[in-house]
Amino acid sequence: MAESMMGLKRSHRCTEVSTANIGQEVTVMGWVAKSRNKGGIIFVDLRDRSGILQVIFEDGKIAPELFEKAAKLRSEFVIAVTGRVEARQGAVNENLATGAIEVRADGLRILSESETPPFHIEENSKTKEELRLKYRYLDLRRPDLQRILMLRSRVAGIVRQFLAEEGFLEIETPMLTKSTPEGARDYLVPSRVHPGNFYALPQSPQLFKQLLMVAGYDRYYQIVKCFRDEDLRADRQPEFTQIDMELSFVDVDEVIDVNERLLARLFKEILGIEIHLPIQRMTWQEAMDRFGSDKPDTRFGMELCDVTEVVKNCGFGVFTGAIANGGSVRGINVKGQGGMPRKKIDALTAFVKDYGAKGLAYAAIQQDGTVKSSFAKFMSPEDMDALIRAMDGAAGDLLLFAADKNKVVYDSLGALRVELAQQLGLRDTDTYNFLWITEFPLLEWSDEQGRYTAMHHPFTMPMEEDIKYLDSDPGRVRAKAYDIVLNGTELGGGSVRIHQNHIQEKMFEVLGFSKEEAYERFGFLLNAFKYGVPPHAGLAYGMDRLIMHMAHTENIRDVIAFPKVKDASCLMTDAPNVVDQKQLDELGISINADAVSKAAEQE
C-alpha cells in the first residue's frame, strides 16, 4: 500500500549525493530502476532525473519489518529512502557519477507501487517506437531522453539570457489568428461565437512580429509553438517550436552578427565547442552549383562539376538532348569507388529517380586506366578523355552524371552525394560545419499555379540592385534572405523585410495579387504600414532541429516531450479523435461521411 510523505523532505537528488556527504544522513526519492536481493542484503538502484544512486538494505542492521518491506520493491516503484552515505564497499562503478558511494538505508517509504512496465526503462531502448510512444510517460523516464530534454531546457534558458543581454524583449503573439493561405496548409479552428468562421493556428508569428516593429519595440523574440498541416518527415512535426526574433533599424550583417554570437554562446556552454566567427557565407547560386542543395553538408567533398560545355558536342544524345532543352550536364566524382558493383550503381540510379532524374550515367575508371561506362560507346575516345579530365578523374574513381533541367540535376545529384556520404561513412558526427546561405531567389515559378510565388514570403526585401528587374525578369531578382545551415540541415532562416509601400505593392503585383486581394489577405499589416515603418529584419530557428544536432540524434521525436507520429497522430492520447455531436452542432459543422470514407481509403 502506498504511503504518504508525511512531512518527509528530500535533501538531495540522486547524483547530488557525493563523497563529500560520506557520514551524513540524507533523504532521497525516486524510482526503483533495479532491485537485487542477495539474501542478507538488498541492493536497489534508485533513479531520478539526475541519475542513479545505489541504496543498500542489510538484514540484521535494520529493523526486520524494514528489510521485509525492502524485499517487496520492484522496478518502477516510487520510494523515499533515508540513510547514511558510505564509501562503496564493493568495486567502484566508474560508469556512475555516484559509483564511489552508496546509501545504507535506515528508513523506507513506498510512495507508489507500479505494475510491470510494458518494456524495460533503459538507455538506447530497442523496443519498437510505436510501443514506447503509446507509453511515452514511461519512455520519458529513460536517462538518454531525460538528458535530451534537460539539454533543451538549458538551450532555452541560454537563449533567453543572451537575447535579454542584447536588448530583446520577450513578447507573446496570438495562437488564434487569421488564415493567410500562402505556403503550407493551415490548421483551422472553428469559431462558435462567429458561426461559419475559422481561426488558423500560426505557421509562424511573421506578421505579428513585423507589427511589433511598427509599434516601436525595436527587438523582439519568442520561443513559440507553430503549426503546419503538411506531410511529416524524420525532421518534421505538425507542431514545432521556433526561436523567433525580429530587429529594427538593421540590415543583413547586423542580424547575422547577433545570431553568430548566439550560436557561439550555445555551443560553447552546452557542448564545449568553439565556433570560429565569422561563419562562412555562400550565395544560393554557389551552393546549388557546388552541392546541388541550398542546405549543403560541407563535411565532405564530392562536389558537383558542370561539364555542360565539355559534352555539348559529344555523340551521347542524353547529354546533348538535355543541353538543347535548356538543361545541363553535371557529375560527381566518387573517389576510390571505381570498383563499385553494377548492382549498387543500379540502386543509385533508382535512388535519383525519386528526385525526378530519368537515370544516371556512369564511368568507372579501373586501376589499369580502362573505363567501364554506360555511355562510352556513344562518345569518341577524345571526348571521354576530356570528360574524365574535367571531372578530375583518376584510376579507381567512379564518375556519376545527371543530365536534365537544372532543378532536376541539382536535386538528384545533391541528394545522391549525401546518400553516398552516408553509405561510405564520410560524415563525421563530431564535426559542426556552419554556413550562411545568402542571396536566395526572391521568387520561384509555380507550374501548378501558373504564376510566381515567394520563395520565402511576400514581405521579403529584394536586393536593391535587382529591384529594376521585378517587371522585366522577376526570376532574376535576388532576395535579402539568409539561412543558417549546419551539416546539411537548415537550422533557421530569415530576411530583411520590405518596409516601403511602393516595393510591397510591386511585390504583390508580381505575385499576381490585385490591390484588393492583397488587402483582403494582409490588410491589417498593410494598413499598419501607413503609419511609419522602421527598416526591419528577422530570423527564426527550428528549435527542434537545433536540439537534434546538439543531442546527436536523427529522430525529431527524441527531442520533443510528447511528439506525433508520421500521420500526425498521438499514440498516447489517441488524438485526433471524434468529438460529441453536441460540440459539432454548436459550431455549425456537419461531417461529410463520404469524403471521410474516401480520404480513409487513400491513406
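The values are calculated or read from the model by the stated rules, or taken from the named source; none is laboratory data. Values in this document were obtained by computation on a predicted structure and should not be read as measured data. Cβ atoms come from the backbone with ideal geometry, glycine included; neighbour counts cover every protein chain shown. What goes into the accessible areas is simple: the full protein's heavy atoms, side chains included, and nothing from ligands, DNA or RNA. Shrake-Rupley method; radii C 1.70, N 1.55, O 1.52, S 1.80 Å.
Please list, by residue number, every one of the trypsin sites (Lys or Arg not before Pro) in the range 310-406 that is coil in DSSP and has at most 10 other beta-carbon atoms within 10 Å. Filter output for the range 310-406: empty list.
Mean separation of Cα pairs under 8 Å and 6 or more residues apart, divided by the residue count, gives the range 485-584 a relative contact order of 28 percent.
Can you give me the accessible area per residue for the range 68-108, using a 1.4 Å probe, in Å²?
Details: 1910 Å² over 41 residues.
Counting only protein heavy atoms, the per-residue value for the range 68-108 is 47 Å².
All Cα-Cα distances of the range 253-327, cut into 5 Å bins from zero to the largest, leave 3, 12, 14, 13, 15, 13, 7, 4, 6, 7, 4, 0 percent in each bin in turn. Listed options for Cα extents along the principal axes in Å are [x] 94, 74, 55; [y] 77, 52, 49; [z] 120, 56, 49. The value calculated from this structure is the one marked [x].
In this view, the solvent-accessible surface of residue 314, computed with a 1.4 Å probe and all protein chains in place, comes to about 10 Å². Each label was represented as a point 7 Å from its Cα along the Cα-to-Cβ direction; for residue 526 and residue 257 these points are 3.5 nm apart. Contact order, relative form, for the range 443-505: 27 percent (alpha carbon pairs under 8 Å, 6 or more residues apart, mean separation divided by residue count). How would you classify the range 3-121 from its alpha-carbon gyration tensor, with a ≥ b ≥ c the square roots of the eigenvalues: rounded for a/c under 1.5, else prolate if a/b is greater than b/c, otherwise oblate? Judged from the Cα gyration tensor, the range 3-121 comes out rounded (a/c under 1.5). Placing +1 on each Lys and Arg Cβ and -1 on each Asp and Glu Cβ, with no other charges, gives the chain a dipole about its Cα centre of roughly 1420 debye. For residue 106, nonlocal amide neighbours, meaning residues 5 or more places apart or on other chains whose placed amide H falls under 5 Å from its own, are 82, 83, 84.
In plain terms, if you count all Cα to Cα distances in the range 90-213 and split them into 10 Å steps from zero, the share in each step is 9, 18, 23, 24, 16, 8, 2, 0 percent. Quantify, in whole percent, the carbon and sulfur part of the accessible surface of the range 79-193 (1.4 Å probe; protein heavy atoms only). Summing carbon and sulfur atoms, their accessible area is 49 percent of the total for the range 79-193. When the alpha carbon gyration tensor of the range 458-603 is reduced to an equivalent ellipsoid, the three semi-axes, largest first, read 38, 27, 16 Å. Computed on the range 85-154, the Cα convex hull volume stands at 164 Å³ per residue. Net length available on complete extension from residue 158 to residue 587 is 150.2 nm, with 0.36 nm assigned per residue and the Cα-Cα distance removed.
Restricting the trypsin sites (Lys or Arg not before Pro) of the range 497-578 to loop positions (DSSP other than H, G, I, E, B) with no more than 15 neighbouring Cβ atoms within 10 Å leaves 566.
Do the sum for the chain: with -39,500 (n - 2.57) for every DSSP H run of n ≥ 4, divided by all residues, what is the mean residue ellipticity at 222 nm, to the nearest 500 deg cm²/dmol?
-9000 deg cm²/dmol
What the Cα convex hull of the range 506-560 gives, in volume per residue, is 167 Å³.
Residue separation of residue 423 and residue 465 scaled by 0.36 nm, minus their Cα-Cα distance, works out to 10.8 nm of gained length. List the relative contact order of the chain as a percent without decimals, with contacts defined as Cα pairs under 8 Å and 6+ residues apart. After rounding, I find 13 percent. Length gained on full extension, residue 500 to residue 172, computed as 0.36 nm times the residue gap minus the Cα-Cα distance: 115.5 nm. Summary of the geometry: the range 196-238 and the range 396-423, compared by the centres of their Cα atoms, lie 35 Å apart.
So what is the accessible area of the range 358-438 per residue, in Å², with the probe set to 1.4 Å? Write out the running numbers ahead of the final one.
Numbers: 3720 Å² over 81 residues.
On a per-residue basis, 46 Å².
Gyration tensor analysis over the Cα atoms of the range 235-382 returns equivalent ellipsoid semi-axes of 41, 19, 16 Å (largest first, whole Å). Kirkwood analysis of the Cα pair distances in the range 356-471 returns a hydrodynamic radius of 18.3 Å. Other residues within the sphere of radius under 12 Å centred on the Cβ of residue 241, judged by their own Cβ, net out at 0 (K and R +1, D and E -1).
Among the lysines of the range 1-149, pairs at least eight places apart or on separate chains and with Cα atoms under 25 Å apart come to 16. In a DSSP loop and with at most 14 other Cβ atoms within 10 Å, the trypsin sites (Lys or Arg not before Pro) in the range 202-285 are 233.
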